[in-house]
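Undergrad: Below is a structure I'd like to ask you about.
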Amino acid sequence: MPPLISAEHLSFEYPNGFKALKNVSFTVEPGEFLVVIGLSGSGKSTLMRTINRLLEPTSGTLTFHGSDVTHIEGDALRRHRQKIGMIFQHFNLIKRHSVLRNTLYGALGQLSSMQSMLGHFSPDLCEKALRNLDIVGIREKADQRADSLSGGQQQRVAIARALMQDPMLLLADEPVASLDPATSHSVMKYLDRINKEFGTTVVCNLHFLSLVRQYATRVIALKAGEIVFEGQPSEITEQWFKEIYGDDATEVEIR
Amino acid sequence: MKRHLLRLGIDVFFGAYIATIIDRILIPRVILDNVTTPFDGMHQALVIGLALVLAVLGSVTSASVGRLILDGSVSGSWQRTVAMNIAWISFTLTVLAGWVVTGISPSALFNGQGLEGAGRIFKALFTPNTDIIGSALLAMVETIYLAFMATAIAVPFSFALSFFAARNLMDHGAIPRTIYVAIRFVTNFTRSIEPLIWAIIFSVWVGIGPFAGMLALVVHTISSLTKQYSEQIEDVDTGPMEAISATGASRTQVVWFSVVPQCVIPFLSFTIYRWDINVRMATVIGLVGGGGIGTMLIQYQGLAQWREVGTIVILIALVVWIMDVISARIREALK
């Protein structure tokens, strides 16, 4: 089977001249749970955003599911993004809207602007949204306002929203960085379950190595925009850890 | 280079400014006791001369006001003193010239006959004529409706325009940026013309009356609300925008589902406050024939019926105060 993502010599430079990604090449196979690690500012988030093309690579080639998506725009770009669900550190829900509506917004890419802006979501879509809320175990909160939920619950709504896209790939940009340890595991377990049960490929940024060892099938480490490590979670030794995070770093456990 | 020219320009301005004030205001109106002298060759030479002297001295010795303003400091102690003194002289001359031009006259303020007249008016103001309360209330209602209609008509326009006047939504190409600049320019321009002046323009256009006053407020409200709305849009949390974009949503959908929900409450708050402001403005606009309570006030004032004027002033104060309290309460509740 061909790789789901194939990045060749990918670089990204911000308008202010900061080079966030430098000549990055890697592939992601279907069904993988790839974790990207590295210090803040090492280019992890930028990498995520180039994959679903919220950012356009400055140079290099990005192939997704067999087609070159490096510089697509317009409808092609929208279709590309529809195939990729994304969740964020700060959940990014619409705070004042209900959990159900927030979930439905995952389907916006499939709807015409007029249809969706009038607020008409078909019964089928609502049914699907409720099913997805069921998967992340918060169906009973469907009518509550999003900001009345706890952080972990909000992140689960965000996962349900991403599931509305029936994604081939799920991008998770530091999904547990603003959650407490217990909640972190619950969110990671839902991602793991989606990966194993639905076969959805997951690319996830993480900070805690204990989580990496538990959930990742493969690890990429970024340092100053370059890949400095690629391999199995078990291969990250003390020495690699110092290499990735600097000599002063010590590992913090999260149980 | 650009900075050097700017510095030179500032020095020229200060020289010309000092010479002009002395030559055009202080000498003729204070020293020569209101003898106006023509601004002929000799006077022009004086103004240009001082401007050039300061500019040349400033750039040669670096005792320059331009340097003081642009760099915040001047190297060299006597150069610094000179530059500071030029700045102080300009300020002092401005105060002196301002005093002369405004015609400030303490004697007029405490003149016996004048005080008597003022006393009559104040006394009348405190003994309002309650007979006209009915018609005054009616005129007040007209003013409130006028302000309400102006706000209601302006809101849809402001709402639509504000998205095109928000930098963060219009930074994706040359055409959007042009639209942004154009809307910002037009709204800034129309806002810098006071509603009172718009009222004069519209009273010529559609005739004196509430309609002209309302149109004046509509123009001013559209530009003010567009500015406030668009600044709110520029302040939204970009996270939800990113999340909605990531689902493959169109640009319109992103704005509608992630920007609008974040703005609805602040927009409401701005709108209610604007209605409150418009009630006050409608009163003032009435003075130039915009209808409502203002027009009634100016009519009684013209007839020197001070007790009636007093009634109206008290009524205006009451209504403005009540509106202020109500709008503050609503805005507080919306938070």
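Undergrad: May I ask you to verify whether A:Val157 is touching a residue at least 24 places away in the same chain (Cβ under 8 Å) and assigned by TED's automatic domain parsing to the domain that holds A:Met48?
TA: So A:Val157 does not fit the description; no.
Undergrad: Something else now. Residue pairs, Cβ under 6 Å, 6 or more apart or interchain, first in the range B:303-315 and touching a residue at least 24 places away in the same chain (Cβ under 8 Å), second part of a loop (DSSP other than H, G, I, E, B) and open to solvent by 60 Å² or more (accessible area, probe 1.4 Å). List them.
TA: Between residues of the range B:303-315 that are touching a residue at least 24 places away in the same chain (Cβ under 8 Å) and residues that are part of a loop (DSSP other than H, G, I, E, B) and open to solvent by 60 Å² or more (accessible area, probe 1.4 Å), the close pairs are B:Arg307/B:Thr127.
Undergrad: If you don't mind, another one. Looking at the range A:219-255, which of its residues are charged (D, E, K, R) and surrounded by 17 or more Cβ atoms within 10 Å (Cβ to Cβ)?
TA: Listed by number, the list holds a single entry, A:Lys223.
Undergrad: If we scan the range B:219-234, do we find a residue that is open to solvent by 50 Å² or more (accessible area, probe 1.4 Å), under 30 Å from A:Ala76 (Cα atoms) and more than 14 Å from chain A (Cβ to nearest Cβ)?
TA: Checked the range B:219-234: at least one residue is open to solvent by 50 Å² or more (accessible area, probe 1.4 Å), under 30 Å from A:Ala76 (Cα atoms) and more than 14 Å from chain A (Cβ to nearest Cβ).
Undergrad: Still on this model: Which is of a type outside the set (S, T, N, Q), under 16 Å from B:Thr94 (Cα atoms) and at pLDDT below 85, of B:Arg29, B:Arg3?
TA: Values: B:Arg3 fails: under 16 Å from B:Thr94 (Cα atoms).
Selected residue: B:Arg29, the only one of B:Arg29, B:Arg3 that is of a type outside the set (S, T, N, Q), under 16 Å from B:Thr94 (Cα atoms) and at pLDDT below 85.
Undergrad: Collect the residues in the range A:95-110 that are within 7 Å of chain B (Cβ to nearest Cβ) and crowded, with 21+ Cβ neighbours inside 10 Å, keeping them in residue-number order.
TA: Once the filter is applied, which keeps residues that are within 7 Å of chain B (Cβ to nearest Cβ) and crowded, with 21+ Cβ neighbours inside 10 Å, the range A:95-110 yields A:Tyr105, A:Gly106, A:Leu108, A:Gly109.
Undergrad: Let me ask something else about it. Return yes when B:Ile27 is within 28 Å of B:Lys2 (Cα to Cα), open to solvent by less than 70 Å² (accessible area, probe 1.4 Å) and of a type outside the set (D, E, K, R) and no when it is not. Spell out the reasoning first.
TA: Details: within 28 Å of B:Lys2 (Cα to Cα): no; open to solvent by less than 70 Å² (accessible area, probe 1.4 Å): yes; of a type outside the set (D, E, K, R): yes.
Spelling it out, it is not the case that B:Ile27 is within 28 Å of B:Lys2 (Cα to Cα), open to solvent by less than 70 Å² (accessible area, probe 1.4 Å) and of a type outside the set (D, E, K, R).
Undergrad: Another question, then. Here are A:Ile220, A:Ile227: which of them is touching an Asp or Glu at 6+ places or on another chain (Cβ under 8 Å) and either farther than 15 Å from A:Gly38 by Cβ or outside any helix (DSSP H, G or I) (or both)?
TA: Step by step, each of A:Ile220, A:Ile227 is checked, and only A:Ile220 is touching an Asp or Glu at 6+ places or on another chain (Cβ under 8 Å) and either farther than 15 Å from A:Gly38 by Cβ or outside any helix (DSSP H, G or I) (or both).
Undergrad: Is the range A:38-45 home to any residue that is in the same structural domain as A:Val219 (by TED's automatic domain parsing) and part of a helix (DSSP H, G or I)? Steps first, please.
TA: Residues of the range A:38-45 in the same structural domain as A:Val219 (by TED's automatic domain parsing): A:38-45.
Subset that is part of a helix (DSSP H, G or I): A:44-45.
For the range A:38-45, residues in the same structural domain as A:Val219 (by TED's automatic domain parsing) and part of a helix (DSSP H, G or I): present.
Undergrad: Still on this structure, I have one more. What is the number of the single condition among (1) assigned to a helix (DSSP H, G or I); (2) within 21 Å of the chain's Cα centre (by Cα); (3) facing another protein chain (nearest Cβ under 9 Å); (4) not β-branched (Val, Ile, Thr) that A:Ser116 does not meet?
TA: Answer for A:Ser116: the failing condition is (2).
Undergrad: Any residue that is farther than 21 Å from A:Leu171 by Cα, more than 14 Å from chain B (Cβ to nearest Cβ), under 21 Å from the mean Cα position of the chain (by Cα) and surrounded by fewer than 16 Cβ atoms within 10 Å (Cβ to Cβ) - is there at least one of those in the range A:134-154?
TA: yes
Undergrad: Being in contact (Cβ under 8 Å) with a residue 12 or more places away in the chain and of a type in the set (D, E, K, R) is the filter; apply it to the range A:53-78 and report the residue that is farthest from the other protein chains (Cβ to nearest Cβ).
TA: A:Glu56
The values are calculated or read from the model by the stated rules, or taken from the named source; none is laboratory data. Everything numeric here is computed off the predicted structure, so don't read it as measured data. So basically every Cβ, Gly included, is an ideal-geometry build from the backbone, and we count neighbours across all protein chains shown. The accessibility values were calculated without ligands, DNA or RNA, using every heavy atom of the protein model including side chains. Shrake-Rupley method; radii C 1.70, N 1.55, O 1.52, S 1.80 Å.
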